[in-house]
Amino acid sequence: MSRVLPMLRLTPQAAGTLQQHAKALKDLHALTRHTKEFDRQLKALIGHDALRQLHKATDNALLLADLVKEAA
């Protein structure tokens, strides 16, 4: 019992949006891959504990920047 699925047709605008999302997803994947490799190499250079402290300090700095932005 195989059912034929109807072909999906997109408007040109929807197709363009889909293409933009696909490109953004590809870019995000590349950035994530780069970040993981960077963290791996940085951990090898400075050690696991120092990398963890660096991540924690970065998170705190970003939270503080968000609070300052909200307060303004």
Tell me which of these A72 doesn't satisfy, since it passes every other one: (1) at pLDDT below 95; (2) at positive phi.
(2)
Cβ-Cβ below 8 Å, separation at least six or inter-chain, first residue in segment 31-59 and surrounded by 10 or more Cβ atoms within 10 Å (Cβ to Cβ), second of a type in the set (D, E, K, R): which pairs?
L51/D39; L51/K43
Segment 1-45 - residue that is β-branched (V, I, T) and part of a loop (DSSP other than H, G, I, E, B) and, of those, modelled with the lowest pLDDT:
V4
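The values are calculated or read from the model by the stated rules, or taken from the named source; none is laboratory data. In this text, all values refer to a predicted model and were calculated from it rather than measured experimentally. All Cβ positions, even for glycine, are placed from backbone atoms using ideal geometry, and neighbour counts span all protein chains on display.
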